[in-house]
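This report refers to the structure that appears directly beneath it.
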Amino acid sequence: MGGREQQYIAEAFTSNWITSLGANVNGFEAQLEAFTQTKKAVALSSGTAALHLALVCMNVKPGDIVLCQSFTFAASAFPIQYLGAEPVFIDSEPTTWNMDPQLLREALTHYRLKGKRVAAVIAVHLYGMPAQMHELLEICRSFDVPLIEDAAEALGSVYHGKACGSMGAAGVLSFNGNKIITTSGGGALISNDDALITHARFLATQAREPFPHYEHKETGYNYRMSNIVAGIGRGQMDVLQERVDKRRLLHAWYKELLADEEAIHFSEEPSGCTSNRWLTTILLDEKKLHHKNNEYLRLYLEQFNIESRPLWKPMHLQPVFETAASFINGVSATLFSKGLCLPSGSALTRDDLERICRLIKQCIHGK
């Protein structure tokens, strides 16, 4: 926590306004709009809820195709199924690890020729690294398909001067407990489309029509953020840039401390891009590891109470999506087999990282 969260929560209790809506919700949304330089934001119960509402607002219907990045967390894809639409997974390019523009164009061309409607594209800024948005947006525009940015991991990341989440038809943010800032659970939908956010806000409050009685013409959802949770968010926004700066410093320390390890490779920021470095990730060259791999290193660190984790398992390899179509080049499967997420919490110190890196070296060299 940053320190002022308790103040905002206390104000909510003092005003006796602790449920949905209220000053904290309004204030938090205004802070998100200012930080991301988008016209409108609506604070919601989760990032998954935000993505679900984005798809609803884009009129995704049962049987529609939604093209989704394969290399991501499952919450990027589950809302497609909520609506009875068909997820089709697009593999990654090797530079940012995000959606491959060439494969996206191939998929859109394929379904146009088949006469099937592609209702939306979901691109992810994975681990805070901005996707190749110029290319992805240009392709989506040429096929007249809206692009949703899943920026759940990328609050504070910037692509050529623009905040991740602010460039597509809508952007999804998450404030889950493991994100760069947290509200204990929550999310937001941001957009420069006033009508889209107005509709999303309406749907998130059970789609209640303006009558003295309860009247509903559309299916609604209980997705609004509470005034208490939003108070935590307002306090977190005070320290967001500090969190980004610290994550980037941790990444720099890791690179410095492991610079002499030929078997370890770090992802690089493309020109014009700034990653929030939500998590520091590495790729391991097994040929230089003496037959050890990412799982061997993970288990080794675990012995010392140090948690690391494999990179996301691609959606096209997940049992729940085994029947889904996909456009694959092998990049995400290779990343999954070679990658590891290192401890990246904002409270870590230089001493913590020195200990972690010392143990990584011990594992690699068998000392």
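Per-structure values
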| quantity | calculated |
| --- | --- |
| Residue satisfying condition, being modelled with pLDDT of 95 or more and surrounded by fewer than 22 Cβ atoms within 10 Å (Cβ to Cβ), within set A119, A154 | A119 |
| Hits in segment 87-98 - residues which are closer than 16 Å to I148 by Cα and touching a helix residue (DSSP H, G or I) at 6+ places or on another chain (Cβ under 6 Å) | P87, F89, I90, N98 |
| Residue list for segment 288-328, filter: surrounded by fewer than 18 Cβ atoms within 10 Å (Cβ to Cβ), over 22 Å from the mean Cα position of the chain (by Cα) and outside any helix (DSSP H, G or I) | H290, H291, K292, N293, Q303, F304, N305, I306, E322, T323, A325 |
| Enumeration of residues in segment 170-199 that are in a loop (DSSP other than H, G, I, E, B), of a type outside the set (F, W, Y) and farther than 19 Å from N59 by Cα | N176, G177, N178, K179, I180, I181, T182, T183, S184, G185, G186 |
| Members of segment 229-277 that are in contact with a Gly (Cβ under 9 Å, 6 or more places away or on another chain) and small (G, A, S) | A230, G231, G233, G235, G272, S275 |
| Residue identified as within 19 Å of L297 (Cβ to Cβ), at pLDDT 95 or above, touching a helix residue (DSSP H, G or I) at 6+ places or on another chain (Cβ under 6 Å) and buried (at least 18 other Cβ atoms within 10 Å of the Cβ) among L340, L335 | L340 |
| Candidates E268, E242, filtered to the one that is surrounded by fewer than 21 Cβ atoms within 10 Å (Cβ to Cβ) and either in contact with a Pro (Cβ under 6 Å, 6 or more places away or on another chain) or part of a loop (DSSP other than H, G, I, E, B) (or both) | E268 |
| Qualifying residue in segment 77-92 (condition: in a loop (DSSP other than H, G, I, E, B), under 29 Å from L279 (Cβ atoms) and in contact with a Ser or Thr (Cβ under 8 Å, 6 or more places away or on another chain)) | yes |
| Residues within segment 121-148 that are in contact with a strand residue (DSSP E or B) (Cβ under 8 Å, 6 or more places away or on another chain) and either basic (K, R) or under 17 Å from M315 (Cα atoms) (or both), tallied | 7 |
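The values are calculated or read from the model by the stated rules, or taken from the named source; none is laboratory data. Keep in mind the model is a prediction, meaning the values are calculated, not measured. Positions of Cβ are generated from backbone atoms using ideal geometry, with glycine treated the same way; all protein chains shown enter the neighbour counts.
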